[in-house]
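The values are calculated or read from the model by the stated rules, or taken from the named source; none is laboratory data. Predicted model, so just to flag it, every value in this text is computed and none were measured. All Cβ positions, even for glycine, are placed from backbone atoms using ideal geometry, and neighbour counts span all protein chains on display. For the accessible areas, the whole protein counts, side chains as well, though only heavy atoms, and no ligand, DNA or RNA atoms are used. Shrake-Rupley method; radii C 1.70, N 1.55, O 1.52, S 1.80 Å.
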Amino acid sequence: MSKYEQLKLENQLCFPMYAAARKITSEYTPYLKPLGLTYTQYLVFMVLWENDHLSVGEICEKLYLDSGTLTPLLKKMETRGWIRRKRSSTDERVVRIDLTDEGKKMEDKCRDIPGCVGSCITLSKEEAGNLYNILYKFLKTE
């Protein structure tokens with residue numbers, strides 16, 4: 001029995017956020033695994049399908065990831081033939097990411113995933129919208 005109220009799990013905002021993120025991520029597994037994708041690779045694809053030819057730094061910024069996390073993942077995606085990594089001709093420190101034809105084809109293979117996963121979330125449209133706004137407000141505070 002903890003003698004500190006602030007150390008009770010039920011008093012931690014971070015815990016339900018963590019547990020909810022794990023739960024939602026696990027809901028994607030049955031749809032991503034047959035495609036050979038991890039959840040983070042799927043997120044990278046979503047960023048690139050929206051805007052191809054981004055720098056690693058731009059992808060990191062959009063996904064709230066650091067380059068140390070993203071670089072090994074991008075190398076694996078390149079090995080699978082989904083993306084091409086290329087140093088910028090104007091600044092060698094910048095690595096640009098381009099979708100290959102195979103990477104572009106993955107968009108069609110993934111098109112139904114959001115609807116499938118979204119159907120397992122038991123929030124009203126209004127509740128989901130409110131949660132979305134709150135989470136992004138939290139992410140944008142520094």
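Residues in region 24-83 that are open to solvent by 30 Å² or more (accessible area, probe 1.4 Å), of a type in the set (A, V, I, L, M, F, W, C) and not in a helix (DSSP H, G or I): Leu65 only. Does Asp98 satisfy being touching a His at 6+ places or on another chain (Cβ under 8 Å), of a type outside the set (A, V, I, L, M, F, W, C) and touching a residue at least 12 places away in the same chain (Cβ under 8 Å)? Considered against the rule, which asks whether it is touching a His at 6+ places or on another chain (Cβ under 8 Å), of a type outside the set (A, V, I, L, M, F, W, C) and touching a residue at least 12 places away in the same chain (Cβ under 8 Å), Asp98 comes out as yes.
Selection of region 84-116 for residues being surrounded by 11 or more Cβ atoms within 10 Å (Cβ to Cβ), at pLDDT 95 or above and part of a helix (DSSP H, G or I) yields Glu102, Gly103, Lys104, Lys105, Met106, Glu107, Lys109, Cys110, Ile113. Scanning region 117-142 for residues that are in contact with a helix residue (DSSP H, G or I) (Cβ under 6 Å, 6 or more places away or on another chain) and assigned to a helix (DSSP H, G or I) yields a count of 1. Tally time: how many residues in region 55-70 are hydrophobic (A, V, I, L, M, F, W, C) and touching a strand residue (DSSP E or B) at 6+ places or on another chain (Cβ under 6 Å)? The qualifying residues number 1.
Rundown of residues vs (1) free of Cβ contacts under 8 Å to residues at least 60 places away in the same chain; (2) touching a Phe, Trp or Tyr at 6+ places or on another chain (Cβ under 9 Å); (3) not polar (S, T, N, Q), yes/no style:
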{"position": "Leu13", "(1), (2), (3)": "yes, no, yes"}
{"position": "Tyr18", "(1), (2), (3)": "yes, no, yes"}
{"position": "Leu32", "(1), (2), (3)": "no, yes, yes"}
{"position": "Gly36", "(1), (2), (3)": "yes, no, yes"}
{"position": "Gln41", "(1), (2), (3)": "yes, yes, no"}
{"position": "Gly57", "(1), (2), (3)": "yes, no, yes"}
{"position": "Lys62", "(1), (2), (3)": "yes, no, yes"}
{"position": "Ser67", "(1), (2), (3)": "yes, no, no"}
{"position": "Val94", "(1), (2), (3)": "yes, no, yes"}
